[in-house]
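Peer 1: Input: one structure, supplied below.
The values are calculated or read from the model by the stated rules, or taken from the named source; none is laboratory data. Note that the structure is a prediction, hence the values are computed from the model and not measured. FYI the Cβ positions are ideal-geometry reconstructions off the backbone, even for glycines, and counts take in every protein chain you see.
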Amino acid sequence: MRSMNKPTAAISVNPATGEQLATYPFETAAQLEQALARAATGFATWKRTPLAQRAAAITRLAKALRDDIDRLAGMITAEMGKPITQARGEIEKCAGMCDWYVANGPAMLENEPTAVDNQKAWVEYHPLGPILAVMPWNFPIWQVLRGAVPALLAGNTYVLKHAPSVMGCAYLLREAFERADLPAGVFEIINVDNDLVSAAIVDDRIAAVTLTGSVRAGAAIGAQAGAALKKCVLELGGSDPFIVMADADLDEAVQAAVIGRFQNSGQVCAAAKRFIVEDAIYDAFTERFVAKTRELIMGDPTDPKTYIGPMARFDLRDELDKQVRRTIEEGATLLMGGEKAPGAGNYYKPTVFANVTSDMTSFREEMFGPVASIIRARDAEHAVELANDSQFGLTATVYAGDPQRALEIGAQLDVGGVFANGYSGSDARVPFGGVKKSGFGRELSHFGVREFCSAKTVWVGRK
């Protein structure tokens, strides 16, 4: 029997208004069985489908996304509050990623010759099978497709377990796959509770698991996948450093810092959160950062002029507010914001802290919302020390007047990606992932294509 307190459905709520949009009852074990059976049957056909035909299907998917951009972007905005201009940008980015993989992905799957004396040897890349993907709400289409598209191109099938708050996005995405005329079972959606997610992980038909989410969720899913001896890719949290050296172009650095921190209302894992600024320019940077932040428009996410919308869920806003309260109590200087916005909706005022030190909450924990922490560094060596003093290691940004110096500083950072004189982000052309408690494995580029492939050695005539 189900516990009285156990959720029985995924519920979609508009965070800008608090209006309940839809209820999606969780599926049963029998329905999960049917979805897994379709994914397994689909894999048997899809892996034998010529690569050129799989690529053509991805091209059709890109068209389906572009053709339905209004509904897809509108659903993102309605379900998780992303400002509509950014929501449309998410769909455009997804379609562009599809195009890039169609143009470049097939070459990544070609056999790789290996030099052996007077003999022939090569490496072949073969798909693993149905991939279970547990995905988050903050980029409800991009997060799904940046893992799904390369995996599907390689010949795998995909079983999506999406965040309960964005199931409307999940089902619209399924419609896009249907319009793209992909075979049955290639892209499946399961709307199930945690117990059935666990059942799916251990099911023999699931070949591997990927998750984007919190450290806690990653540890739980990773443990279950490991116990089942299944490949697992985890993209978890981040508290990314943004280092600004005294010789940096200050206006350029501030512009990138504000964009990087407050896009998607601050709900980005790979985004600058800890701004580590060399002492000589600390006050000037802080003053300009606050001034630029005050220019951002917070409001109705359906208005194209809005840059900061509501946070996606009320419980997440409450947790962020607790972190802000602790940071204030610990002695940080609050320069602006620091509280929930009054009125309807799940808004949190853009918040900037100065004089943050390494023992404070906003330094030690991920602040998943519109909160920036500005930290003073004595010099480059101290900046690197502060940047690496974190349980996370997703991405980092370094601004310096000399690009070579920025790269030298970046080489010392314990992260999965360094961005010199530019803000961080994910892009199909380069791998994405982290170290430490930010997870392991990589998405995108050729790493994303091969992550869920078996690298098979073939050697002819070895003596």
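Peer 1: Cβ contacts < 8 Å: first residue under 28 Å from Val13 (Cβ atoms) and of a type in the set (A, V, I, L, M, F, W, C), restricted to region 313-333; second residue at pLDDT 95 or above and assigned to a helix (DSSP H, G or I), any location; separation 6+ or different chain. Result?
Peer 2: As it stands, the answer is Val324/Ser362, since those pairs meet every condition given.
Peer 1: Of everything in region 12-25, what is surrounded by 14 or more Cβ atoms within 10 Å (Cβ to Cβ) and in contact with a strand residue (DSSP E or B) (Cβ under 6 Å, 6 or more places away or on another chain)? Give them in sequence order.
Peer 2: Ser12, Val13, Asn14, Leu21, Ala22, Tyr24
Peer 1: Can you pull out the residues in region 246-296 that are within 25 Å of the chain's Cα centre (by Cα) and of a type in the set (A, V, I, L, M)?
Peer 2: Ala253, Val254, Ala256, Ala257, Val258, Ile259, Val268, Ala270, Ala271, Ala272, Ile276, Leu296
Peer 1: Same structure, new question: For region 231-257, how many residues meet the condition of being surrounded by fewer than 21 Cβ atoms within 10 Å (Cβ to Cβ) and assigned to a loop (DSSP other than H, G, I, E, B)? First the steps, then the outcome.
Peer 2: Here is the first cut: in region 231-257, the ones surrounded by fewer than 21 Cβ atoms within 10 Å (Cβ to Cβ) are 231, 246-247, 249-252, 255.
Among the residues that remain, those that are also assigned to a loop (DSSP other than H, G, I, E, B) are: 246-247, 249.
Going through region 231-257 one residue at a time, the tally reaches 3.
Peer 1: Additional query: Could you please find all residues in region 416-463 being of a type in the set (S, T, N, Q) and within 18 Å of Val398 (Cα to Cα)?
Peer 2: To start, the set of residues in region 416-463 that are of a type in the set (S, T, N, Q) comprises 421, 424, 426, 438, 445, 454, 457.
Within region 416-463, Asn421, Ser424, Ser426 meet the criteria.
Peer 1: Kindly provide the set of residues from region 329-356 that are of a type outside the set (D, E, K, R) and outside any loop (DSSP other than H, G, I, E, B), ordered by number.
Peer 2: Those that are of a type outside the set (D, E, K, R) and outside any loop (DSSP other than H, G, I, E, B): Thr333, Leu334, Leu335, Met336, Tyr348, Thr351, Val352, Phe353, Ala354.
Peer 1: Something else now. If we scan region 278-295, do we find a residue that is in a strand (DSSP E or B) and assigned by TED's automatic domain parsing to the domain that holds Arg317?
Peer 2: Yes; the residues of region 278-295 include at least one that is in a strand (DSSP E or B) and assigned by TED's automatic domain parsing to the domain that holds Arg317.
Peer 1: Scan region 62-118 for residues that are more than 17 Å from the chain's Cα centre (by Cα), at pLDDT 95 or above and on the phi > 0 side of the Ramachandran plot and report the count.
Peer 2: Qualifying residue count for the region: 0.
So that you can scan it fast, the table gives a plain yes or no per residue for (1) crowded, with 22+ Cβ neighbours inside 10 Å; (2) in a loop (DSSP other than H, G, I, E, B):
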| residue | (1), (2) |
| --- | --- |
| Phe419 | yes, no |
| Gly422 | no, yes |
| Arg429 | no, yes |
| Ala455 | no, no |
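Peer 1: Exactly one condition in (1) in contact with a strand residue (DSSP E or B) (Cβ under 6 Å, 6 or more places away or on another chain); (2) in the same structural domain as Glu287 (by TED's automatic domain parsing); (3) over 25 Å from Leu334 (Cβ atoms) is false for Val371; which is it?
Peer 2: (3)
Peer 1: Here is a check on your reading of the model: is Val415 assigned to a helix (DSSP H, G or I) and either over 23 Å from the mean Cα position of the chain (by Cα) or in contact (Cβ under 8 Å) with a residue 40 or more places away in the chain (or both)?
Peer 2: Answer is no for this residue.
Peer 1: May I pose another question? Filter region 375-424 down to the residues that are modelled with pLDDT under 95 and in contact with a Phe, Trp or Tyr (Cβ under 8 Å, 6 or more places away or on another chain) and list them by number.
Peer 2: Across region 375-424, the qualifying residue is only Tyr423.
Peer 1: Pick from Ala163, Ala115, Ala151, Ala133: which is within 18 Å of Ala62 (Cβ to Cβ) and either touching a His at 6+ places or on another chain (Cβ under 6 Å) or small (Gly, Ala, Ser) (or both)?
Peer 2: Just a single option satisfies the conditions, and that option is Ala151.
Per-residue answers, yes or no, for (1) in contact with a strand residue (DSSP E or B) (Cβ under 8 Å, 6 or more places away or on another chain); (2) in the same structural domain as Leu394 (by TED's automatic domain parsing); (3) among the small types (Gly, Ala, Ser):
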| position | (1), (2), (3) |
| --- | --- |
| Phe275 | yes, yes, no |
| Pro301 | no, yes, no |
| Lys305 | no, yes, no |
| Ala312 | no, yes, yes |
| Asp315 | no, yes, no |
| Thr357 | yes, yes, no |
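Peer 1: Tally up the residues in region 303-321 that are part of a loop (DSSP other than H, G, I, E, B) and surrounded by 16 or more Cβ atoms within 10 Å (Cβ to Cβ), please.
Peer 2: Total satisfying the criteria: 7.
Peer 1: Considering only residues that are touching an Asp or Glu at 6+ places or on another chain (Cβ under 9 Å), in contact (Cβ under 8 Å) with a residue 40 or more places away in the chain and of a type in the set (D, E, K, R), which ones fall in region 139-192?
Peer 2: Arg146, Glu175, Arg179
Peer 1: Looking only at region 76-122, which residues are closer than 30 Å to Tyr347 by Cα, part of a helix (DSSP H, G or I) and not aliphatic (A, V, I, L, M)?
Peer 2: Thr77, Glu79, Thr85, Gln86, Arg88, Gly89, Glu90, Glu92, Lys93, Cys94
Peer 1: Out of all the residues in region 395-409, is one or more within 23 Å of Ser265 (Cα to Cα), of a type outside the set (Gly, Ala, Ser), touching a residue at least 40 places away in the same chain (Cβ under 8 Å) and assigned to a loop (DSSP other than H, G, I, E, B)?
Peer 2: no
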